[in-house]
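Shown next, in structure tokens, is the structure this report addresses.
The values are calculated or read from the model by the stated rules, or taken from the named source; none is laboratory data. This is a predicted model, so every value here is computed, not measured. Note that each Cβ is placed from the backbone with ideal geometry, even for glycine, and that neighbours are counted across all protein chains shown.
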Amino acid sequence: MSIGMSVEHIGADIHGDRGGPAQPLLSVRGLVKHFDLKKGFLETLTGGGKVVRAVDGVDFEVLKGETLGVVGESGCGKSTTARLLMHLIDPSAGEIVFDGETVGSAALPLREYRRQVQMVFQDSYSSLNPRLTIQDSIAFGPQVHGVPRREAITRARDLLARVGLEPRRFAERWPHELSGGQRQRVNIARALASEPRLVILDEAVSALDKSVEAQVLNLLMDLKDEFGLTYLFISHDLHVVRYISDRVMVMYLGKVAETGPAEALFDDPLHPYTRALLSSMPSMDPDRRTEEAPLAGDPPNPIDPPPGCRFHTRCPFAEPVCAERVPALEERAGRQAACLIHEADAGHSRNPTAIYAA
Amino acid sequence: MNDTSPLIDVRDLRVVFTGGKKPVEAVNGVDLTVARGESVALIGESGSGKSVTLRSLLRLHPERRTRISGGIRIAGHDVLALGSRPLADYRGKVASMIFQEPLLALDPVYTVGAQIVESIRRHEAVSREEARKRALELFERVRIPSPARRLDAYPHEMSGGMRQRAMIALALACRPQVLLADEPTTALDATVQIQILLLLRELQRELGLAILFVTHDMGAAVEVADRFAVMYGGRIVEEGPTREVIRNPRHPYTLALMQARADGAMTKGARLASIPGSPPDLANLPAGCAFAERCAYAREACLATRPEAVDLGTGHRARCLRTDATAHALQHTEAQPA
Ligand SMILES: Nc1ncnc2c1ncn2[C@@H]1O[C@H](COP(=O)(O)OP(=O)(O)OP(=O)(O)O)[C@@H](O)[C@H]1O
Ligand SMILES: Nc1ncnc2c1ncn2[C@@H]1O[C@H](COP(=O)(O)OP(=O)(O)OP(=O)(O)O)[C@@H](O)[C@H]1O
Ligand code: SF4
Ligand code: SF4
Ligand SMILES: [Mg+2]
Ligand SMILES: [Mg+2]
């Protein structure tokens, strides 16, 4: 950090903007998380323990005030990435920079970061304290950060109303007395109560019916406009991701497959995995049910990921070169894709440069 | 029990939670049948009683704080009358459940493989090796990557979607006749989701499994369900063949729900349509139609009586006083309720 920048900080609101609108709110570089596997008997003898490569070299940025949608195959590392961003687990490698500051540095202690970044967890039940009423659960965070109890409770009840849970009926209930979708909304209210700058939403609306979901998505959009919030929105619901996201990141087996503006990515996916994902969406037409899964083949194994391009074992355009060469995340016109078709001189027959040469 | 009687037969089910300050009438008068080899999608408002209904079929509510009445017959068993021993035999073997929240159903201190093996051996006299072989086959069927290795994983070591698939495997472990599935595919990406939905359809055909599943995803429901049942305020307000309910919904709540996701409803930047108002207070249900306060078709009469089911032909029924007014409402999107 330059000295000039830290001087600016002195006058700045502690949870306000630091580096101006052009500086990404979040920059993630070379993020890696490997989980150790329990060693088998043989491995103990040979000394070679294996790891689950849950997140295996991920780079991305989240701009101020944008919503970055994150989609990808189940198990590809979305929740692990989110937990790394929350500093709930330590990365094996890589760097997370929040508004120009390294998290955990003197300029941005973890405690301060934790107030500015909140998360709605995929599992709504286990993320609520069973011994707190939901009103107390929501008011807990703000109180930890110095908001007086009366004010925190008022804020909690206001948020409950805004997520469609009438406080008079619900504020004093226990988590087990709520339905799945009601608990999910409590979690959203709780994340918003601390007035964060960045909210990570991991499957945060998946348990809601379409009407309540619409209400919650409208609320998220309103709060974004009111407070300039930034969202990282992880979801399997592609309709919702397309609607809410400014940009979308597609992950496959611990890596980024593609990123780009939402509309462009959905209208014209570059990566073959993105294409397969989009074509797997159910049709809603009872007379045109899916008879065969569009993406066949076994889901890959994050313990021994395939060499070269990780998608080559299932990709309809795979060529021998795909098993040898690791595609780089190439940038072109605001879009990025990690596929040899889109990488200059990569030796894939569908590569435009190869087509010109022919 | 003969072969034509339904595998699931629920009559006038009522569930009241008495543990809180005021009794909560979570389910009040559910009638529902599911035949062998049939699959029914239970959809509806968040908090309308879908999970409570499903849990009642396995008698999973704490007895001291819950009042249950009505009739539940499943594969010939009078579920509400079962003693504790027969109940334990019934759970998992006759009917089993995929829970909305996998972490609640899976025991954190045992590996998922051990839990499946345990479940198989509780119901059947098979060796540990045999049970493990079956567990492995199940993991392959639900498409868990590196299945052999994952059998030895603890629930927290799996991703959300893998846990969900592990629970599907656990539910199928004892080859039940009835599968109750609460949001079985919400944690799955589209590519795996479609594989699981195809698997459910296969099981339904091959083993004659009766499936009752809750979902908010209409696309998923359309892929698997023969019939739809729509819940609101603790009752089934509409039911019928999938095609009928999707194309020709007749209850104003179903109509509004379908409109929330009609083509073009999710235009970027535009506000999303939601049903105004809030769901009824289950501790203080209105005397009339529970949807009246939010219903665009409501009339004076709606406030006085709880509507009985109106038969609309071919197994299509709706609990509404004004099914004449809602006919073909979806086709004429411009048409305003009279
Ligand atoms: N504590 C852990 N120990 C070992 N492996 C783990 C652990 N946590 C996650 N994993 C593995 O890391 C991989 C990524 O998991 P993650 O939860 O990030 O996936 P995800 O993209 O969120 O998937 P989903 O869409 O199913 O929620 C998976 O293979 C998972 O089994
Ligand atoms: N133990 C309990 N005590 C009091 N009320 C309860 C209890 N369990 C559930 N409820 C209430 O009963 C109603 C029905 O709950 P249920 O879990 O069946 O809803 P659901 O239809 O499955 O909703 P979702 O789609 O959100 O999961 C809810 O309004 C809930 O608040
Ligand atoms: S690099 Fe090859 S295998 Fe990988 S996505 Fe592109 S074409 Fe398919
Ligand atoms: S009975 Fe009346 S209030 Fe109820 S859904 Fe029908 S029209 Fe609406
Ligand atoms: Mg996840
Ligand atoms: Mg539920």
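Some values worked out for this structure:
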{"quantity": "Where A:Val52 falls short, out of the listed (1) part of a loop (DSSP other than H, G, I, E, B); (2) over 30 Å from A:Asp222 (Cβ atoms); (3) at pLDDT below 90; (4) in contact with a helix residue (DSSP H, G or I) (Cβ under 9 Å, 6 or more places away or on another chain)", "calculated": "(1)"}
{"quantity": "Number of positions in region A:164-189 that are more than 12 Å from ligand 2 (Cβ to nearest atom) and surrounded by 23 or more Cβ atoms within 10 Å (Cβ to Cβ)", "calculated": "3"}
{"quantity": "Sole residue being of a type outside the set (Asp, Glu) and in contact with a strand residue (DSSP E or B) (Cβ under 7 Å, 6 or more places away or on another chain), chosen from B:Met158, B:Met162, B:Met167", "calculated": "B:Met167"}
{"quantity": "Boolean, A:Pro302 is under 18 Å from A:Ser74 (Cα atoms), within 16 Å of ligand 1 (Cβ to nearest atom) and touching a strand residue (DSSP E or B) at 6+ places or on another chain (Cβ under 9 Å)", "calculated": "yes"}
{"quantity": "Failed item, numbered, when B:Ala292 is tested on (1) away from chain A (no Cβ under 14 Å); (2) within 16 Å of ligand 6 (Cβ to nearest atom)", "calculated": "(2)"}
{"quantity": "Subset tally (residues that are assigned to a loop (DSSP other than H, G, I, E, B) and out of contact with any Phe, Trp or Tyr (no Cβ under 9 Å at 6 or more places or on another chain)) for region B:192-241", "calculated": "7"}
{"quantity": "Candidates B:Gly160, B:Gly92, B:Gly76, B:Gly113, filtered to the one that is more than 16 Å from ligand 4 (Cβ to nearest atom) and touching a Cys at 6+ places or on another chain (Cβ under 6 Å)", "calculated": "B:Gly92"}
{"quantity": "Top-ranked residue of region B:234-259 - restricted to ones that are surrounded by 24 or more Cβ atoms within 10 Å (Cβ to Cβ) and of a type in the set (Val, Ile, Thr), ranked as farthest from B:Leu197 (Cα to Cα)", "calculated": "B:Val237"}
{"quantity": "Which listed residue is surrounded by fewer than 24 Cβ atoms within 10 Å (Cβ to Cβ), within 15 Å of the chain's Cα centre (by Cα), outside the structural domain of B:Asp324 (by TED's automatic domain parsing) and aliphatic (A, V, I, L, M), from B:Met218, B:Met231", "calculated": "B:Met218"}
{"quantity": "Helices (runs of 4 or more DSSP H) wholly inside region A:244-358 that include at least 1 residues being crowded, with 19+ Cβ neighbours inside 10 Å", "calculated": "A:262-267, A:272-279"}
{"quantity": "Residues being surrounded by fewer than 22 Cβ atoms within 10 Å (Cβ to Cβ), facing another protein chain (nearest Cβ under 10 Å) and under 24 Å from the mean Cα position of the chain (by Cα) - total across region B:96-112", "calculated": "2"}
{"quantity": "Some residue of region A:119-135 being in a loop (DSSP other than H, G, I, E, B), surrounded by fewer than 20 Cβ atoms within 10 Å (Cβ to Cβ) and among the hydrophobic types (A, V, I, L, M, F, W, C)", "calculated": "yes"}
{"quantity": "Exclusive hit being within 30 Å of A:Glu263 (Cβ to Cβ), away from ligand 4 (no atom under 16 Å from the Cβ) and touching a Gly at 6+ places or on another chain (Cβ under 7 Å), set B:Asp217, B:Asp189", "calculated": "B:Asp189"}
{"quantity": "Subset of region B:262-283 that is surrounded by 22 or more Cβ atoms within 10 Å (Cβ to Cβ) and more than 16 Å from ligand 6 (Cβ to nearest atom) - its residue that is farthest from the other protein chains (Cβ to nearest Cβ)", "calculated": "B:Pro280"}
{"quantity": "Single unsatisfied condition, B:Val245 versus (1) touching a Lys or Arg at 6+ places or on another chain (Cβ under 9 Å); (2) free of Cβ contacts under 8 Å to residues at least 12 places away in the same chain", "calculated": "(2)"}
{"quantity": "Number of the exception - B:Gly29 against (1) farther than 24 Å from B:Leu209 by Cβ; (2) among the small types (Gly, Ala, Ser); (3) crowded, with 20+ Cβ neighbours inside 10 Å", "calculated": "(3)"}
{"quantity": "Options A:Ala338, A:Ala262; residue that is more than 30 Å from B:Arg150 (Cα to Cα), more than 16 Å from ligand 2 (Cβ to nearest atom) and modelled with pLDDT of 95 or more", "calculated": "A:Ala262"}
{"quantity": "Residues (at pLDDT below 95 and under 21 Å from A:Thr230 (Cα atoms)) located in region A:66-76", "calculated": "A:Gly72"}
{"quantity": "Filtered residue count, region B:113-147, keeping only those that are polar (S, T, N, Q), more than 14 Å from chain A (Cβ to nearest Cβ) and free of Cβ contacts under 8 Å to residues at least 12 places away in the same chain", "calculated": "1"}
{"quantity": "Some residue of region A:227-242 being touching a residue at least 40 places away in the same chain (Cβ under 8 Å), part of a strand (DSSP E or B), over 30 Å from A:Ala139 (Cβ atoms) and within 16 Å of ligand 5 (Cβ to nearest atom)", "calculated": "no"}
{"quantity": "Breaking point among (1) under 20 Å from the mean Cα position of the chain (by Cα); (2) within 14 Å of chain A (Cβ to nearest Cβ), for B:Met162", "calculated": "(1)"}
{"quantity": "Pairs with Cβ under 6 Å, 6+ apart, first in region A:192-216 and closer than 28 Å to A:Val144 by Cβ and within 12 Å of chain B (Cβ to nearest Cβ), second within 14 Å of ligand 5 (Cβ to nearest atom) and assigned to a strand (DSSP E or B)", "calculated": "A:Asp202/A:Ile234; A:Ala204/A:Val120"}
{"quantity": "Set B:Gly37, B:Gly76: member being more than 16 Å from ligand 1 (Cβ to nearest atom), under 30 Å from B:Pro147 (Cα atoms) and of a type outside the set (A, V, I, L, M, F, W, C)", "calculated": "B:Gly37"}
{"quantity": "Any helices (runs of 4 or more DSSP H) falling wholly within region B:85-177 and containing at least 3 residues that are of a type outside the set (A, V, I, L, M)", "calculated": "B:112-123, B:128-141, B:147-150, B:160-172"}
{"quantity": "Filter result (under 17 Å from the mean Cα position of the chain (by Cα) and assigned to a helix (DSSP H, G or I)) within region A:200-220", "calculated": "A:Leu217, A:Leu220"}
